[in-house]
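Enquirer: Below is one structure. I have some questions about it.
The values are calculated or read from the model by the stated rules, or taken from the named source; none is laboratory data. This structure is a prediction, so every number in the text was calculated from the model and none was measured. As a convention, Cβ positions derive from the backbone with ideal geometry for all residues, glycine included, and neighbour counts pool all protein chains shown.
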Amino acid sequence: MKLGFLASHGGSNMQAILDRCADGSIAATPALLVCNNPKAHAIERAALAGMPAKVLNGKTHPDLADLDAAILQSMREAGVDLLILAGYMKKIGPQVLTAFQGKILNIHPSLLPKFGGHGMYGMRVHEAVLEAGESESGATVHLVTEKFDEGPILQQAQVPVLENDTAESLQARVLEQEHRLYPDTIAKIASGQISLS
């Protein structure tokens, strides 16, 4: 199984997956990173792992349909089987969504369907969890559809919300679980324990 990644910034979740591919606990090969941000740390991470990276964005392809087609072509040329969003801050285009239907994964820093949807990303999610007085939060790996954070849920991990939590402290604990949950889900897909068809 060949993995393609889409990232915009640090790519720490991508790193967790690359590490597990390298140590053999995910039976898959990292094939390509497509990044919209030429300064993203994810590009350095890809280079260190020996994975090719491409920058495709509104500057390289001002027309959204052309950009969508370029991302799809790049993933196809790399032979990608499973597309993994690792902090990708752009909407996935209809061509990529159609071609990879049921084969695009994302991880979200809450227990979906709670605290998902448009505008719910990064620190905003953790702030909303604290404001709502929730006793637990967590991370969710789900399939990507045209609607933000509404695709079928594959796995979740719970994280207790502590009395003195800030958005930052909660984020740090959720991220620890993300780095465990995301590779675990992909390992189960690669080994057939989780079926996407």
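Enquirer: Residue by residue through the stretch 41-50, note down the ones that are in a loop (DSSP other than H, G, I, E, B) and under 19 Å from Ile104 (Cα atoms).
Expert: none
Enquirer: Given the condition in contact with a helix residue (DSSP H, G or I) (Cβ under 9 Å, 6 or more places away or on another chain), touching a residue at least 60 places away in the same chain (Cβ under 8 Å) and assigned to a helix (DSSP H, G or I), answer yes or no: does some residue in the stretch 161-174 qualify?
Expert: Yes - at least one qualifying residue is present in the stretch 161-174.
Enquirer: Taking the condition of being touching a Lys or Arg at 6+ places or on another chain (Cβ under 9 Å) and β-branched (Val, Ile, Thr), how many residues in the stretch 61-93 meet it?
Expert: Of the residues in that region, 2 qualify.
Enquirer: Test Phe115 against the stated conditions and say whether it is part of a loop (DSSP other than H, G, I, E, B), outside the structural domain of Leu85 (by TED's automatic domain parsing) and closer than 30 Å to Gly192 by Cβ.
Expert: So Phe115 fails the test.
Enquirer: Within the stretch 123-141, is even one residue β-branched (Val, Ile, Thr), part of a loop (DSSP other than H, G, I, E, B) and more than 14 Å from the chain's Cα centre (by Cα)?
Expert: No, because not a single residue in the stretch 123-141 is β-branched (Val, Ile, Thr), part of a loop (DSSP other than H, G, I, E, B) and more than 14 Å from the chain's Cα centre (by Cα).
Enquirer: Just the residues that are crowded, with 16+ Cβ neighbours inside 10 Å, out of contact with any Asp or Glu (no Cβ under 8 Å at 6 or more places or on another chain) and among the β-branched types (Val, Ile, Thr), please, taken from the stretch 93-110.
Expert: The answer is Ile104, and nothing else.
Enquirer: May I pose another question? Within the stretch 70-112, can you find the residues that are at pLDDT 95 or above, charged (D, E, K, R) and assigned to a loop (DSSP other than H, G, I, E, B)?
Expert: Within the stretch 70-112, Asp81, Lys103 meet the criteria.
Enquirer: Take the stretch 136-150 and flag every residue that is touching a helix residue (DSSP H, G or I) at 6+ places or on another chain (Cβ under 7 Å), at pLDDT 95 or above and more than 16 Å from Asn13 (Cβ to Cβ).
Expert: First, the residues of the stretch 136-150 that are touching a helix residue (DSSP H, G or I) at 6+ places or on another chain (Cβ under 7 Å): 137-139, 141, 146.
Checking the rest, the ones that are also at pLDDT 95 or above come to 137-139, 141.
Ser137 - this is the single residue of the stretch 136-150 that is touching a helix residue (DSSP H, G or I) at 6+ places or on another chain (Cβ under 7 Å), at pLDDT 95 or above and more than 16 Å from Asn13 (Cβ to Cβ).
Enquirer: Which members of the stretch 63-77 meet the condition of being among the small types (Gly, Ala, Ser) and surrounded by 13 or more Cβ atoms within 10 Å (Cβ to Cβ)? Show your work before the answer.
Expert: Taking the stretch 63-77 as the starting set, the residues that turn out to be among the small types (Gly, Ala, Ser) are 65, 69-70, 74.
Result: Ala69, Ala70, Ser74.
Enquirer: One residue is enough: does the stretch 38-47 have a residue meeting the conditions hydrophobic (A, V, I, L, M, F, W, C), under 22 Å from Leu196 (Cβ atoms), outside the structural domain of His142 (by TED's automatic domain parsing) and in contact with a Pro (Cβ under 8 Å, 6 or more places away or on another chain)?
Expert: no
Enquirer: Find all pairs meeting these conditions: Cβ atoms under 7 angstrom apart; at least six residues apart or on different chains; first residue within the stretch 13-40 and in a loop (DSSP other than H, G, I, E, B); second residue β-branched (Val, Ile, Thr).
Expert: Ile26/Ile17; Ile26/Ile186; Ala28/Ile186; Pro38/Val55
Enquirer: Got at least one residue in the stretch 54-67 being within 24 Å of Pro94 (Cβ to Cβ), at pLDDT 95 or above and among the acidic types (Asp, Glu)?
Expert: So far as the stretch 54-67 goes, yes, one or more of its residues are within 24 Å of Pro94 (Cβ to Cβ), at pLDDT 95 or above and among the acidic types (Asp, Glu).
Enquirer: Then there is this: Which residues, taken from the stretch 20-36, are surrounded by fewer than 17 Cβ atoms within 10 Å (Cβ to Cβ) and either closer than 15 Å to Thr185 by Cβ or of a type outside the set (D, E, K, R) (or both)?
Expert: Matches in the stretch 20-36: Ala22, Gly24, Ser25, Ala27, Thr29.
Enquirer: Quick one: in the stretch 111-145, of everything that is surrounded by 22 or more Cβ atoms within 10 Å (Cβ to Cβ) and in contact (Cβ under 8 Å) with a residue 40 or more places away in the chain, which residue is nearest to Ile71 (Cα to Cα)?
Expert: Per the stated criteria, the residue is Val144.
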